[in-house]
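I have placed the structure first, in the form of structure tokens, so that the comments after it can refer back to it.
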């Protein structure tokens, strides 16, 4: 049987209140409050920074150990949030984004779940209105006070939803819609974001490892899309009623990406030679626009920019060559490919590709269907680097699987 390796989308929070509060005041407000940024599209519009990189290199502002895992970072209201696993506990960190100083931390018992990867948290904290929402590897769901780390409410998803532990642990990052907070992990579930009271849950299915995506407005109301290891589900956000479904099974139960939505069109992608598809929602029907194996995202999402998808096609194992791929969103036609990054990750910053390769090198390149053109590169991290970097307030944050978190200041002179 082929080796299975899996990445996830990041995590956060707690069960045994040991929050340590440091009296520091929050600093400047920031704008990356959840996984994939404020619009959940992996795009930053900050500008006037790449020249400093190319001329001055990448000055390290700070670095620290946060524990094993793949949780990315969220930055909001002068605080940075992330997670790691240390000696049998998961830790939710609240740090000063300028210095890396600990403002508070919250620890709770948690299994590593290192099934063919390092293990540790894979969900990224979500911050809204002084609340931090986080999902632990074993389904420990907490809403914390962002200022002091106090538990506001908490759930245990396995017990509350009557679902088993997914093979790779829980990995969905919280998605806020109105008064709801949504998760995927064997069921799609909606909780009241203030109290933790359950609004609705779907029937049980094979867990996926991505997060929910929201249709901001559709003729039938506001909808959500999730990709689990059975397929693509379209649900009514208010009731959880299933509107449409398209089978998209993973041979190794590893569907781990989040649907990308543009209007009434939904793009999904999976590894292990399953491939990608674009579907158009017409009432209660999902009509296939195309399906191919040109973009097989193993665990990190593609990013849609100016009509093209930029992502990593291929698996981290089985000896397959993984290639950075630029693909036309509407047609599925490949514009170009570039090898040499491994199972990397990327975001868009100021209209450019900010890439982190699997071994820790940062690369800046043009985001253009005309071809791959590199603008700059710099050493950044070491070890396995599967977690997507974050750009916020002219700082780049990144981590490796072993738990080294680094902040570099691209505006430093």
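Tabulated data for the structure shown
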quantity	calculated
Fully extended contour minus Cα-Cα distance, from residue 317 to residue 47, at 0.36 nm per residue	93.6 nm
GNM result for the chain, Cα springs below 10 Å: residue of 339, 401, 61 fluctuating most strongly	339
Distance-filtered residues of segment 88-130 - backbone nitrogen under 19 Å, label point 7 angstrom along residue 394 Cα→Cβ	97-100
Fewest-first ranking of 243, 66, 152, using other Cβ atoms within 10 Å as the exposure measure	152, 243, 66
Shape call, segment 310-371: gyration tensor on alpha carbons, a/c limit 1.5	oblate
Max mean-square fluctuation residue, GNM over the chain, Cα-Cα springs under 10 Å, options 134, 402, 52	52
Residues in segment 48-68 reached by a label modelled at residue 101 [backbone nitrogen below 18 Å; 7 Å Cα→Cβ]	61-65
For 81, 191, 215, order by how many other beta-carbon atoms lie within 10 Å, fewest first	215, 191, 81
Extension gain from residue 148 to residue 359, taking 0.36 nm per residue of separation minus the Cα-Cα distance	72.5 nm
Exposure proxy ranking, count of Cβ atoms within 10 Å, fewest first, for 395, 338, 288	288, 338, 395
Normalised contact order of the chain, rounded percent, pairs of Cα under 8 Å and 6 or more residues apart	16 percent
Shape of segment 162-248, Cα gyration tensor, a/c cut at 1.5	oblate
R0 of 51 Å, Cβ-Cβ distance residue 370-residue 159: FRET efficiency to nearest 0.05	0.45
MRE, 222 nm, helices only [DSSP H, n ≥ 4, -39500 (n - 2.57), over the chain, to nearest 500]	-500 deg cm²/dmol
For the chain, built as a Gaussian network whose Cα springs stay under 10 Å, the top-fluctuating residue of 202, 82, 254	202
FRET efficiency estimate (nearest 0.05) - Cβ-Cβ, residue 241 to residue 291, R0 30 angstrom	0.70
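Bear in mind that the values in this text are calculations on the coordinates, not laboratory data. Bear in mind that the values here come from a model prediction, so they are computed numbers and not experimental data. Here Cβ is always computed from backbone atoms with ideal geometry, including for glycine, and neighbour counts include all displayed protein chains.
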